[in-house]
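The structure under discussion appears below in the form of structure tokens.
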């Protein structure tokens, strides 16, 4: 086995002089938003524990190191094939692209240090250091800041594009501020991993199998179980507790449409944070991780360190946690996962927040629960809290307020404390009062003095939320008019012909030159919500350059919100008539979609938004 060579590599050492390929039969790039969020949070925490305001970039050499784990590489035919580590190396590449673009935009010299780790000159030929042919187009587009459409591409390409969007949304650059170059240099020189390299494929796969099949260290879940079971002296009680724990863990790992290898740990983190985290780290140099951070990382040690407060360490207390609390919160967690994956009557808001990829949802939804709650009370508490989050989140996104993992951490800890173990009636009142006092609404942001739904337009940040908003008002109109609720179909990106955002005005200023003062005014108004719809992708593509007079005829056969631009939508539609009358909605058709028509449509959007995200929805969950 002398052909096997392990080396510790910093990120810079790993990527500076070599590129990586994968074999065709390797699995796809699979990382989810939560994986990216957790990596960024861990990196930022470790960096901030060393960084001090005023440090020169050279001080980075004394900062604490961060270990990313190991990768296995098979070297053959002049290439480095990743046998294990594709997920981390790909995610690291996406992060480097993001840092490169941010540093370049700020004119920072560190951009020139990052660039060769992503892209290099190979004897006059450009070469990306993640050398996987089918993924080069998306990497190049992200590196260049060019437009890229992932629809129709393979799973890895779509996932890479989505995860890069999550990195952008995370607000890492805002959090770092002037420390951006320090963080970049720290990432390159103080973050590293073990590269296990061999020129023999058989050796490489033998190492991979050994590391993944045998000799695995105990997971934090295993260690927590051992700690909780140890004080139980009665062998029968300990055996029953152990069997119950194993059953809950197995259910968590195998439950749902998408089975996740760490869902047991995710559930326990959510349970402990939501129910027991009393403190949150205060940002800045030398800041110490507190309950919220520790319960979300080294939770087994955190439980041991807080045994008295958590009432563990004794047979009676541990039995209660293992046989009552864990099964109760695991059941509720699975209910949240199920409603996140499948549009469930009564729990639609859970699905909405999952579509908006709000990572903190599961943690927050467990906060008001008590193990004595019956099933109906649990369902109502989850639904009420998810509805609050739906309203709270969308108010912020229409005002361009970031809602990423790191930026929302403190707010979600604070919310969990405010609603923790509240009776249902008190919970609804607390959430209602919070919305009433909120300084961010669909009309604007009180502190910024501007914004709101009237200023919302397509850009890199807002696109996903505008898509969500259009799907919601489209579904609300159909369901309110007696038709089936189409929301799951509207947002399903895996169907053969998914829905896309349609611009009512064709991208041709010449068609509208008399109606708009400048091309810029036209372009800006064209991207606003009143000038947008959702249509199936093939229809959207076929209509792109057509004038409104042609488009509106095609709109008539689609969902009512879209069809309502056409006079035919108002013929023989008694339930649509009743819906409009009931809510006093200004639906009307337009022969010509002029600026005046746009203004009327804007008023309608505002009316629908106020209904769809009305705080009055919370009252429906009272007993």
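How much length, in nm to one decimal, is gained on full extension between residue 155 and residue 584, taken as 0.36 nm per residue of separation minus their Cα-Cα distance? Each step should come with its number before you reach the end.
Values: separation 429, 0.36 × 429 = 154.44 nm, distance 4.43 nm.
Extending this stretch completely gives an extra 150.0 nm.
Run the simple label-point estimate for residue 258 and residue 459 please: 7 Å along Cα→C-beta, distance reported in nm.
In this crude label model, residue 258 to residue 459 measures out at 2.8 nm.
Compute the FRET efficiency between residue 485 and residue 520 as 1/(1 + (r/R0)^6), taking r as their Cβ-Cβ distance and R0 = 25 Å, and round to the nearest 0.05. List each step's numbers first, then the result.
Values: r = 39 Å, r/R0 = 1.55.
Efficiency, rounded to the nearest 0.05: 0.05.
Could you order the peptides 476-484, 418-426 from most to least packed, using the average number of other C-beta atoms within 10 Å per residue?
On the way: 476-484: 17.8, 418-426: 16.2.
Ranking the peptides 476-484, 418-426 by packing returns 476-484, 418-426.
Sorting 454, 154 on the 10 Å Cβ count, fewest up front, what's the list?
With the fewest neighbours first, 454, 154 line up as 154, 454.
Length gain on complete extension for the stretch residue 49 to residue 622, per 0.36 nm per residue less the alpha carbon to alpha carbon distance?
On the way: separation 573, 0.36 × 573 = 206.28 nm, distance 4.47 nm.
Extending this stretch completely gives an extra 201.8 nm.
Quick check: Cα centre of region 418-458 to Cα centre of region 577-623, how many Å?
Cα centres, region 418-458 to region 577-623: 20 Å.
Between region 507-522 and region 219-242, what is the C-alpha centre distance in whole Å?
Taking the Cα centre of each part, region 507-522 and region 219-242 sit 71 Å apart.
Grab the Cα-Cα distance for residue 237 and residue 304, subtract it from 0.36 nm times how many residues apart they are, and report the gain in nm with one decimal. The partial results should precede the final answer.
On the way: separation 67, 0.36 × 67 = 24.12 nm, distance 2.11 nm.
Here the segment from residue 237 to residue 304 would lengthen by 22.0 nm.
How would 75, 437 line up from fewest to most surrounding beta-carbon atoms within 10 angstrom? Can you show the working numbers first?
Numbers: 75 17, 437 7.
Ordered by Cβ neighbours within 10 Å, fewest first: 437, 75.
Order by neighbour count: 81, 100, fewest other Cβ atoms within 10 Å first, most last. Numbers along the way, then the final one.
Numbers: 81 19, 100 23.
In order of increasing Cβ crowding within 10 Å: 81, 100.
Could you give the nm distance between label points at residue 226 and residue 87, where each point is 7 Å from its Cα heading toward the beta carbon?
Each label point is offset 7 Å from its Cα along the Cβ direction, giving 2.3 nm.
Under the definition of Cα pairs under 8 Å and six or more residues apart, what whole-number percent is the relative contact order of the chain?
Details: 841 pairs, mean separation 75.2, N = 623.
12 percent.
For the residue pair residue 595 and residue 544, what label-to-label distance in nm results when each label sits 7 Å from Cα along the Cα-to-beta-carbon direction?
2.8
Cβ neighbours within 10 Å, averaged per peptide: list 530-540, 53-63, 465-475 in order, most packed at the top.
Working: 530-540: 19.4, 53-63: 12.6, 465-475: 21.6.
Peptide ranking by packing, descending: 465-475, 530-540, 53-63.
Every read-out reported here was derived from the displayed coordinates using simple, explicitly stated rules and does not represent laboratory data. Since this is a predicted model, take the numbers as computed values, not measurements. Note: ideal-geometry Cβ built from the backbone for every residue, glycine included; neighbour counts use all protein chains shown.
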